[in-house]
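Worksheet: the structure to be examined is printed underneath.
Nothing in this text is a laboratory measurement; each read-out follows from the coordinates by a stated rule. Predicted, not measured: the structure shown is a model, and the values here were computed from it. No Cβ is skipped: glycine too gets one built from the backbone with ideal geometry, and neighbour counts run over all protein chains shown.
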Amino acid sequence: MATTRNPSPPSAPPSPPGDQAAGLRRLFAGRRRHFIPLVSNPHVAFASVVLERLTTALAQSGIPVLLVDAADSSPPPRDVALLDLGACVEPLDAHTHYLAARGLPRDYVDTRGAATGFLTALANAAPQAQVIVVHGEASDLSRVFQRVDARPVLIAGDRVESVKHAYAAMKLFAQRAQLMTFDLLMCAPAGSRRARAVATSMGSCADQYVGAMLSDWALIDPACDVTERPGEDLLHLLARQLHLTPASTALPPGVTSSLGPLAGRTVAPAWQATSH
């Protein structure tokens, strides 16, 4: 069912350093629900820190968020999930809710192989959430977002297997869902030169071999203090995620995330990457 869309808002001026959280609040003021596909990566240790940093960045900006944990390594959903999904949503704090959903997207696959109905179910199950982060396998998320414009967020580390997995996920989204822009969260020690090399190389390969684009990337230190303020690069990435402007694609009820004009930080070619 098609949804009514408002004209794209004018681009907001960039927030000054140290004010990205306020920028998130301004960008999201008056907006409807937004979905973020977060692609799991079994080769990244401490991936739970990535989930915590992402939801914390939103919650500390005063944006109610639901984390849907649907990866193969996640807890299974409760038995009543298909009857009353809302009863399975657990509050973590004033702004954050959690849903254990391992394998649940597969129960929403239709005859065309899409599972966009899962997004409608999530919207109904957590009406208080303005941002819904869906963490899962690329094979599942490419079905969930098959007819929805969105910018998937990949997770990678500074090890080869994790990078291969993230790159394979990118290709799967491009082939199955025709989604061609991505963000990247690098789980690596602060100041890692290898992390920057990985990000620049992935950006170059995405452009040359997939025809895709790596829009933004942010570094998340797995040894960080979970109580500390999220980094400016993560807040910047999220601000641009939430500022995606509506397109003409028909979306399921409650879905408003979509691709829009991209501007800002670009990714250098692989030959410019810092050696490690």
Sticking with the crude label model, points 7 Å out along Cα→Cβ, report the distance from Leu92 to Arg229 in nm, one decimal please.
-> 2.1 nm
Evaluate the Debye formula for the stretch 33-270 with equal point scatterers sitting on the alpha carbons, no solvent, and hand back log10 of I(q)/I(0) at q = 0.09, 0.10 Å⁻¹, in q order, two decimals.
-> -0.33, -0.41
Once the dipole of the stretch 33-270 is set up with Lys and Arg at +1 and Asp and Glu at -1 on Cβ about the Cα centre, which of Ala125, Phe182, His97 lies farthest towards its positive end?
-> Phe182
Mind ordering 61-67, 185-191 by average Cβ neighbours within 10 Å, highest first?
-> 61-67, 185-191
Percent of beta bridges antiparallel (DSSP, the stretch 33-270, rounded to nearest 5) = 5 percent
Highest first, please rank the peptides 101-111, 46-56, 150-160 by the mean number of other Cβ atoms sitting within 10 Å of their residues.
-> 150-160, 46-56, 101-111
Protection proxy (average C-beta count within 10 Å per residue), highest first, orders 134-145, 84-95, 209-220 as 134-145, 209-220, 84-95
